[in-house]
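Novice: Below: one structure in structure tokens.
The values are calculated or read from the model by the stated rules, or taken from the named source; none is laboratory data. None of the values given here were measured: they were computed from a predicted structure. Neighbour counts are summed over all protein chains in view; Cβ atoms, including those assigned to glycine, are modelled from backbone coordinates with ideal geometry. Surface accessibility is based on the protein's heavy atoms, side chains included, excluding ligands, DNA and RNA. Shrake-Rupley method; radii C 1.70, N 1.55, O 1.52, S 1.80 Å.
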Amino acid sequence: MGKFSEFRLPLKTISEGTQEFEYHLGKQFFVNMESADIHDADLTVKLTVTHKHDIYNLAFHVFGTVTLICDRCLDDLIQPIDATYDIAVKFGEDYSETDELLVIPESDNYLNVSYMIYDTASLAIPVKHVHPLGKCNRAMSALLRKHRATKSDDEDAELADQLMDEMETMDSAPDGADDAPTDPRWDELKKLSSQGDGDSREE
């Protein structure tokens, strides 16, 4: 049996009306897809097929979690997924596809939906994989900043990381810490933050 044989949808044997199918996606599914980003998964796929006349309307709902690697600290990052995808399918002479309609040859008895499911899950993942502020592995973040290349965009990213770290430190500082000298970069960041929130702070 092939790697994705369980995802073969027997369209020609589906009678008119609505039928539901369910699949589970684990780590092996994404290994078979040769996905470099997704290292583990616990996803459920619910597929509703509505057959009316010669059209099969496929409605996918993919939900659960995938495990990525945080771009900043390299620790595991659990990313929730909740995505949908709809497409109509019909039989025809040759294969053709648009955003809304997929035509498959009359000689095909099955439609393998594995790649539709993979694309639906993958497109729901943000381009940037980072933990929420304060959730990164701080030791690893410090090492990455130390050894980061000295390109201008990397310098900007390092400065942003340092400012975020300083923000977290100041937020958790004990009473009386306000008397200590402040970094001028932090003062400028506070001004920008105040303008963005619509609040005014006294210097």
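Novice: Leaving out ligands and nucleic acids, and using a 1.4 Å probe, what accessible area per residue does the range 30-110 come to in Å²?
Specialist: Roughly 55 Å² per residue, with all protein chains present.
Novice: Same structure again: Can you compute the charge dipole magnitude of the range 1-142 about its Cα centre, using +1 on each Lys and Arg Cβ and -1 on each Asp and Glu Cβ, nothing else charged? Give it in debye, rounded to the nearest 20.
Specialist: Charge dipole, the range 1-142, about its Cα centre: 580 debye, nearest 20.
Novice: Continuing with the same structure: How are the Cα pair distances of the range 72-125 distributed, in percent, across 5 Å bins from 0?
Specialist: Bin by bin from 0 Å, the calculated values are 4, 15, 20, 19, 13, 9, 7, 5, 4, 2, 0.
Novice: How much length is gained if the chain between L74 and V31 is pulled fully straight, taking 0.36 nm per residue apart and subtracting their Cα-Cα distance, in nm to one decimal?
Specialist: 13.5 nm
Novice: Which percent of the accessible heavy-atom area of the range 22-73 goes to carbon and sulfur, probe 1.4 angstrom?
Specialist: 48
Novice: As a quick test, which of the pairs K12/K46; K3/K135; K46/K135; K90/K128 have an alpha carbon distance above 27 angstrom in this structure?
Specialist: Numbers: K12/K46 20 Å; K3/K135 36 Å; K46/K135 32 Å; K90/K128 37 Å.
In this structure, K3/K135; K46/K135; K90/K128 exceed 27 Å between Cα atoms.
Novice: For R138 paired with E97, estimate the spin-label separation in nm (one decimal), with each label point 7 Å from Cα along the Cα-to-Cβ line.
Specialist: 4.7
Novice: Further question: Given +1 on the Cβ of Lys and Arg, -1 on the Cβ of Asp and Glu, and no further charges, what dipole in debye does the range 96-140 carry about its Cα centre, rounded to the nearest 20?
Specialist: In debye, rounded to 20, the range 96-140 gives about 780.
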